[in-house]
Amino acid sequence: MLEYYDFAIYNTLAALAFNKLFFPSFEPLTGTILAFSTFAVGYFSRPIGGVIFGHLGDRYGRRFVLVTTLMVMGATTALIGALPTYAAAGVLSPTLLVALRFVQGAALGGEWAGAVLLSVEHGDQRRRGRNASWAQMGPSLGTLMATGSIAIVTSLLPEESFLAWGWRLPFFASVVLVGFGLWIRVGVEETPLFRQLERDKSQARAPVGEVFRAHWPKLLIGGGARIGPDVLYSLAATFSLSYLTMTVGVSRTLALISLSIGGACNALTIPLFGSLSDRFGRRAVYGTGVLCALVVAFIFFPLLDTGSPVAIACAIAAALVVHAMMYGPQAAFIAEQFPTRVRYAGSSLAYTLAGIVGGGIAPLVLATLQRTFGGTHALSAYLAAALIVTGIVLMIARERAGAALD
């Protein structure tokens with residue numbers, strides 16, 4: 001949650017303000033596309049974090065990496081809040097923004113697998129879907145905290161004050177959250193499965209290389225499962241903000257409140273669908289989510305275009321609940337693809353490499369499609385294509401919900 005709070009502050013402000021703060025010499029839609037380009041940098045750097053921290057996680061333990069990634073994320077987020085804008089520093093300003101976003105993405109690339117593996121490798125192995133889904137609540141809770149804090153700031157400050165200094169406040173608030181996160185993580189024990197590897201002295205010497213050499217089919221399956229949910233989440237939680245404020249013409253506050261409602265629905269339903277995957281299997285619950293998401297793909301924008309607050313809130317909430325149907329089982333599904341000795345590296349690489357193709361470029365592609373074709377049919381088709389890829393992967397994958405981890 002704390003990592004994604006930091007990450008989501010950037011995502012939200014990229015949609016709302018960074019086109020004016022860091023790319024003011026471009027017309028609004030072009031500035032938004034450039035802002036989403038910096039958003040994508042955080043996804044392109046995730047595999048680097050996955051390689052570095054995946055190696056460390058399989059060599060030295062899950063707990064060590066979790067503490068390291070949180071400190072790196074907290075420091076870069078605070079520095080983004082302190083950046084000068086384009087008006088003060090010229091081209092240096094967006095350059096520093098991109099550099100810090102790169103480091104943010106690398107930290108998050110190593111974070112996800114550690115949080116998931118602590119959940120999967122501890123506890124009742126018959127409840128891995130439920131256990132891992134608690135870690136999956138992090139993005140929606142972090143996004144909820146981020147959009148909520150920005151909504152408060154935007155409602156209390158006039159436009160001029162928000163663009164002058166108000167946008168910095170949510171970044172600085174992350175320092176307090178990082179301290180709380182470190183306090184929690186220092187007390188977490190290493191997982192029993194990794195301790196067994198240490199006792200047997202059987203850790204992989206080069207876990208990343210072993211994944212590419214011996215487990216590449218699992219890497220493709222784990223990564224392919226991510227693409228559809230990622231594009232759906234990017235559409236509902238990131239692109240919709242700029243679409244609502246710039247195309248539909250509703251207020252920033254209404255857009256943020258609608259996203260906060262959707263984020264709450266997403267967070268509450270993720271553990272439900274994670275638990276259902278323990279009972280009915282990962283593929284069954286995941287696949288149902290894919291089918292529902294295909295429906296959402298073609299009703300989402302017509303609901304937003306009404307401009308009705310109720311319709312907008314319902315559209316975003318429905319999209320994020322459907323996302324939860326896929327995201328709840330996802331962590332256990334990916335982690336179960338790999339043996340313990342390379343589970344950190346394999347899970348990290350599957351998650352981060354697919355993140356580039358899925359969520360990383362999605363806002364940029366969506367904004368470009370909107371500019372090129374004018375309407376929203378191409379955007380819906382893009383989401384549908386990503387969901388079809390995930391559906392094909394689920395048909396190929398083996399069900400491992402009831403299988404014991406080595």
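Points worth noting:
- Residue count, segment 317-356 (criterion: under 13 Å from the mean Cα position of the chain (by Cα), among the β-branched types (Val, Ile, Thr) and surrounded by fewer than 24 Cβ atoms within 10 Å (Cβ to Cβ)): 1
- Some residue of segment 305-315 being touching a Gly at 6+ places or on another chain (Cβ under 7 Å), assigned to a helix (DSSP H, G or I) and buried (at least 20 other Cβ atoms within 10 Å of the Cβ): no
- Looking only at residues of segment 42-89 that are of a type in the set (A, V, I, L, M) and not in a helix (DSSP H, G or I), we find that the one that is surrounded by the fewest Cβ atoms within 10 Å (Cβ to Cβ) is ALA82.
- Qualifying residue in segment 162-178 (condition: surrounded by 17 or more Cβ atoms within 10 Å (Cβ to Cβ), in contact (Cβ under 8 Å) with a residue 12 or more places away in the chain and more than 25 Å from ALA88 (Cα to Cα)): yes
- Within segment 342-382, considering residues that are assigned to a helix (DSSP H, G or I) and among the β-branched types (Val, Ile, Thr), the one nearest to GLY49 (Cα to Cα): THR352
- Residues that are under 19 Å from the mean Cα position of the chain (by Cα) and more than 18 Å from VAL65 (Cβ to Cβ), drawn from segment 112-128: none
- THR288 fulfils the conditions (1) free of Cβ contacts under 8 Å to residues at least 40 places away in the same chain; (2) surrounded by 20 or more Cβ atoms within 10 Å (Cβ to Cβ) except for a single criterion, (2).
Let's see how each residue does on (1) farther than 16 Å from ARG62 by Cα; (2) among the hydroxyl-bearing types (Ser, Thr, Tyr); (3) under 23 Å from the mean Cα position of the chain (by Cα):
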| residue | (1), (2), (3) |
| --- | --- |
| ARG130 | yes, no, yes |
| TRP134 | yes, no, yes |
| SER140 | yes, yes, yes |
| MET145 | yes, no, yes |
| SER155 | yes, yes, no |
| ARG168 | yes, no, yes |
| PHE180 | yes, no, yes |
| GLN203 | no, no, no |
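- Among the residues listed as VAL285, VAL295, the single one being touching a Leu at 6+ places or on another chain (Cβ under 6 Å), modelled with pLDDT of 95 or more and of a type outside the set (S, T, N, Q): VAL285
- Considering residues of segment 184-242 that are in a helix (DSSP H, G or I) and acidic (Asp, Glu) only, the residue farthest from SER380 (Cα to Cα): ASP200
- GLU190 vs. criteria surrounded by fewer than 24 Cβ atoms within 10 Å (Cβ to Cβ), of a type outside the set (A, V, I, L, M) and touching a residue at least 40 places away in the same chain (Cβ under 8 Å): yes
- From GLY105, GLY129, GLY123, residue being at pLDDT below 85 and part of a helix (DSSP H, G or I): GLY105
The values are calculated or read from the model by the stated rules, or taken from the named source; none is laboratory data. Predicted model only: the values in this text are computed from it and were never measured. Reconstructed Cβ throughout: ideal geometry from the backbone, glycine too, with neighbour counts over all protein chains shown.
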